[in-house]
Structure formats: C-alpha cells, structure tokens
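My questions all concern the structure below.
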Amino acid sequence: MRRHGGYDVLCLADRRAERAREAAARVKVPNHELAEGVEQLSLRDRIQAVTCGTAPFAHHRVIRSALEAGKHVLTEKPFTMTLDEGEELAALARDRGLVLAVVHNFQFAPSVKRLRRWLDSGRLGQVRAVWATQLSNPARRLPTGFDELPGGLFYDESPHLIYMARALAGGELEPVSVTAHPSTRGLINTPAQIDAQMRAGVVPVSIQMNFEAPVSEWHVAVLGDRGLGVVDLFRDIAVFTPNDGDHHAPEVIRTSASASWHHWLGYLRSGPGHVLGRLRYGNDEVFSRFHDAVRSGEPPQGIGPDDALAVLRVQHWILEAGGRILV
C-alpha cells in the first residue's frame with residue numbers, strides 16, 4: 001500500500017489488543033485498536049476502506065461490519081466459510097454501491113504475466129489442458145487451526161489454484177469428478193490428497209493437491225499444441241518448452257535446454273527478491289486494482305465479488321463431491 005502511494009494507512013485492529021499494538025509498531029501504523037468489527041473502531045468515521053486479513057472464520061463478521069458501515073473492503077482468501085455468506089456479502093456490497101474485492105494475487109505475478117504473453121502471442125498454440133499442482137510439506141509454516149476448516153488446509157490454499165486455473169483456461173470451471181484420499185497423519189479434515197477434474201468449455205482442467213509431501217511446490221501448467229508453459233508460483237518463474245515432435249534425442253535435448261534456460265533466467269529475475277523476501281507475488285496489482293475500483297466505482301477485474309463467488313463455488317463442489325465437509 002505504501003509503495004502504491006494512494007493509501008493512507010490509518011489503523012491496525014485485532015481482537016487481541018497486544019497483538020494489534022505489536023503489529024502496528026512493527027509496520028509503523030500510527031493507530032491500533034481492539035476490535036472484532038468496524039462498528040467497534042473509534043476511528044471508523046475517518047476510514048474509507050478496510051482490508052481483512054483475519055482467520056477465515058472471522059471473514060464474514062469483519063466484511064459485513066465494514067460494508068454496513070459504508071466502507072469498501074479487500075479481503076484475503078478464502079472469501080467466506082459458506083456460499084450463503086459469500087452471496088450475502090456480494091449482494092450487500094452491490095446494494096450499498098461499495099467495492100468488495102478478494103486477494104487473488106498470483107494471477108498478477110510477473111511470471112504469470114509472462115505466461116499470459118506466451119498465450120496471447122500464440123507461442124503455446126491452442127490450449128489443450130490446464131494443470132495445477134500443489135505439494136505441501138506438513139513441516140512448513142502453516143496457519144494456526146487450519147485443520148478446523150472444512151477440508152482443512154485444502155480450504156485455505158485451494159483458492160490460489162482454482163483462480164489460476166480459471167484465469168488461464170479462459171472460462172468458468174465446470175465440475176467433472178473428485179477423488180479425496182483421507183489423511184494418513186491423523187488429521188480430521190485435511191486430506192492426504194485431493195484430485196479434482198473440471199473443464200472450461202472444452203479445455204480439461206486438473207487440480208491436484210497433496211498435503212503430505214516431502215517438499216512444498218506450487219506449479220501451474222498450460223498445455224498447448226505448440227508448447228508447454230509452466231509457472232513456479234513460489235519462485236515466480238515461468239518456463240517454456242516447445243513441442244518435442246517425435247521425441248528423438250535432439251528434441252529431448254532441446255526440451256532440457258529450454259527448461260533449464262528459462263528456469264535460471266527466471267531465477268536471475270526473481271531470485272534476489274526471493275532471497276530478500278521482497279517478491280510481491282502480484283499483491284501490488286491487487287492493491288492497485290482495488291484502489292482504482294474505489295476511485296472509479298467499477299468492480300475490480302479478476303478480483304471482484306463475482307470472481308470470489310466463482311472460486312468459492314468450486315471449493316464447495318470439491319468438498320461436497322469429495323465428502324470432506326466438516327460437520
């Protein structure tokens with residue numbers, strides 16, 4: 001927000017007073033308050049917009065309080081806990097003439113923009129399929145209480161792969177099938193793996209998420225008839241490999257050379273920022289679009305309430321089809 005220049009960050013609020021105070025001091029925000037909703041803020045009359053970065057269970061409470069107070073809202077994913085909650089908030093924002101947006105950020109990362117340029121230029125050819133894969137190491141930093149969510153960690157992290165697949169496949173995702181494998185680590189709601197098959201028009205879309213992997217990797221691939229484009233979301237790297245034809249040794253060597261070249265070229269671009277913790281992963285674009293939407297009154301493209309609801313519907317279809325709803 002500070003890099004954008006169009007925001008004046010006034011206050012940081014939390015339901016725990018000490019956490020609000022410490023966080024405000026760390027990021028040099030001038031005010032902090034104990035609050036669970038906007039109506040509890042003493043500074044509410046000076047605020048135009050609210051960002052919601054609470055635990056997912058509190059999203060509906062915070063967003064609704066902000067909209068009812070006449071504030072624009074940008075919320076972290078997952079949007080809400082139920083479809084009814086999401087539809088209620090989208091309707092409330094529409095009725096009040098307020099901007100409601102969700103942080104679907106990776107679709108605006110530099111690597112994804114590069115992949116989309118390959119798509120738009122025809123370098124990949126006609127899209128034949130989109131694959132999105134997540135490997136999650138249970139030893140990595142994870143949100144507190146993630147297994148209490150419906151579908152556990154799946155619910156918290158699947159929006160990224162769903163909005164990415166939706167954006168790259170070029171249409172709404174229609175259900176085909178789901179297979180869910182229960183945890184082998186004793187978790188109640190987080191599965192070992194979920195495989196979801198969908199389509200966007202005639203384009204097959206596959207989302208596979210494994211939560212018991214030895215490494216953490218997030219990759220999205222577009223399979224075209226002229227080439228393969230893959231994005232490494234964590235490293236912010238895009239890799240292109242051309243169609244390998246009859247797959248003889250020269251074509252295999254060309255594939256290896258192209259993949260290696262794009263990987264290391266990508267790391268030269270993003271590596272310093274990755275090491276220093278300065279990669280924005282498309283969040284700069286999210287905040288820019290939110291700012292422009294508040295100024296213009298037009299819904300922000302790609303992160304508006306319709307986009308949030310589209311992703312939420314796919315999440316709940318996967319949960320229901322996979323039998324992983326938390327009761």
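Rounded to the nearest whole Å³, what is the per residue volume of the convex hull around the Cα atoms of region 207-293?
163 Å³
What is the percent carbon and sulfur in the accessible area of the chain, measuring with a 1.4 Å probe over the protein chains and ignoring ligands?
52 percent
Roughly what would the spin-label model give for A139 and T54, points 7 Å off Cα along C-beta, in nm?
Result: 3.5 nm between the two label points.
Now for a separate question. Which whole-number value in Å² is the accessible area per residue of the chain, probe 1.4 Å?
Computed with neighbouring chains in place, this is 50 Å² per residue.
Once ligands and nucleic acids are excluded and a 1.4 Å probe is used, how much of R21 is accessible, expressed in Å² to the nearest 10?
100 Å²
What accessible area, in Å² to the nearest ten, does a 1.4 Å probe give for K113?
90 Å²
Shifting gears a bit: Taking the alpha-carbon centroid of each part, what is the distance from region 130-165 to region 14-81 in angstrom?
That distance is 24 Å.
Spin-label point model (7 Å from Cα, Cβ direction): what's the L265 to V202 distance in nm?
Each label point lies 7 Å from its Cα, and together they span 3.2 nm.
Starting from the Cα of A249, step 7 Å along the direction of its Cβ; do the same at H4; then give the gap between the two resulting points in nm.
That separation, rounded to one decimal, is 5.6 nm.
Taking 0.36 nm per residue of separation and subtracting the Cα-Cα distance, what length does fully extending S256 through D225 add?
Gain on stretching S256 to D225: 9.4 nm.
Now, a different point. If you stretched the chain out fully between T184 and K113, how much longer would it get, using 0.36 nm times the residue separation minus the C-alpha to C-alpha distance?
Net length gain for the segment: 21.8 nm.
Right, next: In square angstrom, rounded to the nearest 10, how much accessible surface does L74 have for a 1.4 Å probe?
0 Å²
Same structure, new question: Which percentage, to the nearest 5, of the DSSP beta bridges contained in the chain is antiparallel?
65 percent
Taking all protein chains together and a probe of 1.4 Å, list D14, D95, D236 from the most accessible to the least accessible.
D95, D14, D236
Return the single residue from G304, G151, G245 with maximal mean-square fluctuation; model: Gaussian network over the chain, springs between Cα atoms under 10 Å.
G245
Any chance you could run the full-extension gain for R278 through R128? It's 0.36 nm times the residue separation minus the Cα-Cα distance, nm to one decimal.
Here the answer is 50.6 nm.
Could you work out which residue, out of A23, A69, A308, moves most in a Gaussian network model of the chain, that is, has the largest mean-square fluctuation with Cα springs under 10 Å?
Most flexible of the set in this elastic network: A23.
The values are calculated or read from the model by the stated rules, or taken from the named source; none is laboratory data. As the structure is a prediction and not an experimental result, all values here were calculated from the model. Note that we place each Cβ from the backbone using ideal geometry, even for glycine, and neighbour counts take in every protein chain shown. The area values use the complete protein model at the heavy-atom level, side chains included, leaving out ligands, DNA and RNA. Shrake-Rupley method; radii C 1.70, N 1.55, O 1.52, S 1.80 Å.
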